[in-house]
Amino acid sequence: MDYLVARELNGLHIILDIIFLISLSILIIHLKKYRALFFGIAGALIYFIVDYGIFYLLLQTRVVEGANTMLFLLWLSISYGFTNFLWIWLFLDLDKHIKEFSLLIVICWFSIALISQNFGDNFAIISISRGTGSYHGAMAIILLIGYVFVIVRNIISKSDEKVPVFRLLFIGIIVQFSWEAVLLLSGIRPQGFQPLIINSLLETNLGMPYLFFIHKGITNLMKRKTNSSV
């Protein structure tokens with residue numbers, strides 16, 4: 001099953017988004033949430049490797065018009081990779097301000113999209129598209145392995161500590177759904193609900209079981225280091 005995922009935005013969108021990313025980083029640093037910050041940076045690097053290295057160079061499914069492909073995909077990877085991973089970390093951390101951070105991210109995404117669409121006529125138009133048929137099957141395999149592992153682990157484990165599968169599903173779906181919905185409602189994404197539904201169920205969600213164990217491992221390691229230094 002193949003379908004086209006496309007966006008059309010302007011340079012004002014990029015400028016406003018960079019301001020948002022810098023402001024969000026300053027807030028995170030001010031609150032000393034350094035692990036969330038580093039997790040976000042790691043997410044940006046992973047997104048760039050996937051988007052530019054795999055989708056564009058290897059599979060040649062990415063098409064960018066109106067901008068330098070590498071630089072545009074670098075911004076795009078930082079924009080969604082950094083924000084998504086930072087948001088996911090705060091969710092997994094059960095951060096006491098997760099509702100406020102969630103509202104902040106979604107409101108800024110939505111506002112930036114609408115402001116740029118209404119006031120960005122004098123800025124360059126950039127279009128980007130990709131097919132999905134060459135990799136959604138591989139993504140589905142990764143999702144299947146991850147969730148089957150945690151479900152079976154919960155069933156056979158004698159420990160009272162279970163993996164919160166439904167919370168992982170909620171996080172994985174809501175993060176992707178939020179920016180897919182913003183793109184669709186603002187007109188940046190062409191009309192059609194197939195990318196919204198399939199991408200929300202698959203593209204970020206596939207990594208949640210793995211990110212859960214990474215978060216748990218880092219958190220436990222930092223706790224051990226703290227306890228040993230006391």
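General observations
- Nearest-20 debye value, the range 4-229 charge dipole, Cβ charges on Lys, Arg, Asp, Glu: 960
- Neighbour net charge for Gly11 - beta-carbon separation under 15 angstrom, K R +1, D E -1: -3
- Tilt relative to the chain, helix 83-92 - C-alpha long axis, 0 to 90 degrees, to 10: 20
- Charged neighbours of Phe149, selected by a Cβ distance under 15 Å, balance to +3 (K, R count +1; D, E count -1).
- Other residues with beta-carbon under 12 Å from the beta-carbon of Ile188 carry, at +1 per Lys or Arg and -1 per Asp or Glu, a net charge of -1.
- Relative contact order %, the chain, counting alpha carbon pairs below 8 Å whose residues are six or more apart: 29
- Pairs over the 19 Å Cα-Cα cut-off, from the set Lys96/Lys158; Lys33/Lys99; Lys33/Lys96; Lys158/Lys225; Lys99/Lys162: Lys96/Lys158; Lys158/Lys225; Lys99/Lys162.
- Sorted by Cβ density within 10 Å, fewest first, the residues Thr219, Thr61: Thr219, Thr61
- Taking packing as the residue-averaged number of other Cβ atoms within 10 angstrom, the listed peptides 149-160, 79-90, 115-126 run from highest to lowest as 79-90, 115-126, 149-160.
- Each of the peptides 66-76, 5-15 was scored by the mean count of other Cβ atoms within 10 Å over its residues; in descending order, highest first, they stand as 5-15, 66-76.
- Using a simple spin-label model with pseudo-atoms 7 Å out from Cα toward Cβ, Leu94 and Ser129 lie 4.7 nm apart.
- Computed on the range 19-92, with alpha-carbon pairs under 8 angstrom and 6+ residues apart, the relative contact order is 45 percent.
- Rounded FRET efficiency, nearest 0.05, which uses the C-beta distance separating Ile19 from Thr219 and R0 of 35 Å: 0.65
- Whole-percent pair-distance distribution, where bins are 10 Å wide, for the alpha carbons of the chain: 7, 30, 36, 19, 6, 1, 0
Each reported figure results from applying straightforward, stated rules to the coordinates on display, with no laboratory input. Keep in mind it's a predicted model, so treat the numbers as computed, not measured. For neighbour counting, all protein chains shown are included, and Cβ atoms are generated from backbone atoms with ideal geometry for every residue, glycine included.
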